[in-house]
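Working notes, structure below.
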Amino acid sequence: MISISTFSLAAIAFAFAWSMGAHYTGACMGMPYASGSIRLRPALLLMALMTLLGASFLSRGVLEQVGHGIVTDQLGMIGAITVIAVAFLLTTLFTQLRIPTSTI
């Protein structure tokens with residue numbers, strides 16, 4: 001059975017991934033869409049496909065560096081939920097306010 005804290009961590013991580021996807025889709029496809037070079041649905045489908053492929057096949061180095069190289073101490077469940085929740089809230093806020101930022 002999944003504990004409440006594990007479910008909370010998974011839910012907030014999913015929300016953060018959604019927020020990052022919205023942020024970077026606007027950053028990558030905003031100009032081509034605004035100029036009329038690409039329509040909305042093809043732009044969204046292209047971003048969804050490329051994001052899924054990139055995350056699936058090219059993110060191992062990032063996972064190893066951040067997961068094992070930068071964060072060396074154990075955060076604990078509450079710490080991890082807090083960090084990801086703050087990152088989600090800030091990314092969502094910056095996207096809504098159209099403030100350029102990087103989550104990398």
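Couple of notes before you dig in:
- Compactness of the range 1-54 was expressed as the Cα radius of gyration divided by 2.2 N^0.38 Å, which yields 1.49.
- Listed residues Leu46, Leu90, Leu63, most fluctuating in the chain (Gaussian network, C-alpha, under 10 Å): Leu63
- From phi via Karplus (6.51, -1.76, 1.60), per-residue ³J(HN,Hα) for the range 31-43 in Hz, x at Gly/Pro: 5, x, 5, 5, 7, x, 6, 9, 7, 4, 4, x, 5
- Estimated from helices alone, the mean residue ellipticity of the chain at 222 nm is -25000 deg cm²/dmol (sum of -39500 (n - 2.57) over DSSP H runs with n ≥ 4, per residue).
- Comparing Ala85, Ala48, Ala34 in a Gaussian network model of the chain (Cα springs below 10 Å), the most mobile by mean-square fluctuation is Ala34.
- Distance between the pseudo-spin-label points of Leu63 and Val86 (7 Å out from Cα toward the beta carbon): 2.6 nm.
- The percentage of C-alpha pairs in the range 14-104 whose separation is greater than 16 Å is 64%.
- Relative to the current alpha-carbon distance between Ile38 and Ser5, full extension at 0.36 nm per residue lengthens the span by 7.7 nm.
Readers should treat all values here as calculations from the given coordinates under stated rules, not as data from a laboratory. Model, not experiment: these values are computed from the prediction. Backbone-built Cβ (ideal geometry, glycine too); neighbour counts: all protein chains shown.
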